[in-house]
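What follows is one structure encoded as structure tokens, with my remarks underneath.
The values are calculated or read from the model by the stated rules, or taken from the named source; none is laboratory data. Nothing here was measured: the structure is a model prediction, and the numbers come from that model. A quick note on method: Cβ atoms are made from the backbone with ideal geometry, for glycine too, and the neighbour counts reach across all protein chains shown. Heavy atoms of the whole protein, side chains included, go into the accessibility calculation; ligands, DNA and RNA do not. Shrake-Rupley method; radii C 1.70, N 1.55, O 1.52, S 1.80 Å.
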Amino acid sequence: MSLDPALRDRILAAVDAGFDEQIRYTQDLVRFASTRGQEQAVQDFVFRAMKERGYAMDRFAMDREAIAAHPGGAPFSDTHSQAPIVVGIHRPRVEKGRSLILQAHVDVVPAGPRDQWTHAPFDPVIEGDWMYGRGSADMKAGAGANLFCLDALKRIGLQPAATVYVQSVVEEESTGNGALMTHLRGYRADAALIPEPEQEMLARANIGVLWFQFEVRGVPAHVREMGTGANAIDAAYRIVAALRGLEAELNAEKVGRRHFEDEPHPLNLNIGKIEGGDWASSVPCWCKVDCRIGLYPGVTAREIAQRVEDCIRAASRTDSFLANNPPKVTFNGFWAEGYVLEPGSEAEAVLGRAHEAAIGKPLRSFMTAAYLDARVYALYDRIPALCYGPCGEGIHAFDERVSLASVKRITGAMALFIAEWCGLESAGG
């Protein structure tokens, strides 16, 4: 049932009234250089912000054994974050509405060279409509929206008439284990809403992601006797060429796959990191290459992992050096299946009404070729997993930025969604 227009206008006005504070909070989040393994301080900050709002609090570590036993759990590595997961819980006086998970991740990808940023990457400078900074769009603006959409309701004396879990996770950028840990902890709701920077659209389909590393060992030699050695970096190039062939095969398999067959290149292999050699005048005897590859919904990570291993093994057999020195393959991150959000759920209908009321146009959906934590709720909780958020630019690139006008619109849509999905009751005792 749609919201009363007068109530709708009061809620949107309350979002507007608190937006300056929301901007300041988001800037505070961006100032934390919360790259992988460095998220403890920002999680402490988020914990305090939730506790000050009166939420029941839960803070817990990753359970490595439980994650390893789950089919969607990613392998741990030496760089896996040890930061806690933080959950703030709103409980109504009377549970009348439908429950909700609001989730955001606070981990961010590395900033890269400082001199290629216009402003320092963790300095949340505002120019016109844009807030700059690593993580401003992906997704600290969404983390702020999760709190301030609820604040807006409280500002007019209202609160959700259902349980709401506000979840702040890590490892979204490398394994997805943080969101999975909330599932393993036992948190369940009737729907999940994750305000990733989706350009004011709803993610309809999402690829899975697999991370792997291969290591080549060569034979060192002085460059004056290069022919007596075996260059591990050159050999790694040959393996990359074979993996490009696998990438082409996987993209050819898009035929007949709804949401993917009209995309020119739905699955991408990224050669993300290379390390090798010890000296410019020595034939390098080692090279490690870190890669990321996508997979279609319904295809398991195990299946693609096997194809990666088979591809590297086949390429090595036809190589005069690698045939006797095959690369070592390690799966060291994402082990995640994709998902499709089937249309027709009541949660999507409510979000559509909220979006149109706040933004003034129908809600559109799209396929995104990136990992989303929504896969946990779609695949394992089997609930509507709504990934929907503000407009951003430069995500994972230089000069990342988020549109503040869009953040305000999205926060308004989220507040309206909660009002209709969860129902409302008077705030306080």
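Table for the structure above
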| item | result |
| --- | --- |
| From A191, A230, residue being surrounded by 21 or more Cβ atoms within 10 Å (Cβ to Cβ) and out of contact with any helix residue (DSSP H, G or I) (no Cβ under 8 Å at 6 or more places or on another chain) | A230 |
| Test result for R217, of a type outside the set (G, A, S), open to solvent by 10 Å² or more (accessible area, probe 1.4 Å) and farther than 22 Å from I383 by Cβ | yes |
| Options F47, F32, F60; residue that is over 30 Å from A413 (Cβ atoms), hydrophobic (A, V, I, L, M, F, W, C) and more than 17 Å from the chain's Cα centre (by Cα) | F60 |
| Selection count where residues are open to solvent by less than 40 Å² (accessible area, probe 1.4 Å) and among the small types (G, A, S), scope the stretch 1-26 | 2 |
| Pair list, Cβ < 8 Å and 6+ apart or interchain, from the stretch 1-12 residues that are within 17 Å of W421 (Cβ to Cβ) to residues that are among the charged types (D, E, K, R) and open to solvent by 50 Å² or more (accessible area, probe 1.4 Å) | S2/R353; L3/R353 |
| Residue match in the stretch 65-73 (condition: of a type in the set (D, E, K, R), farther than 27 Å from A120 by Cα and touching a residue at least 60 places away in the same chain (Cβ under 8 Å)) | no |
| Residue tally, condition open to solvent by 20 Å² or more (accessible area, probe 1.4 Å) and more than 30 Å from Y377 (Cβ to Cβ), over the stretch 80-121 | 8 |
| Every residue from the stretch 255-287 that is more than 28 Å from A236 (Cα to Cα) and not β-branched (V, I, T) | G256, R257, R258, H259, F260, E261, D262, E263 |
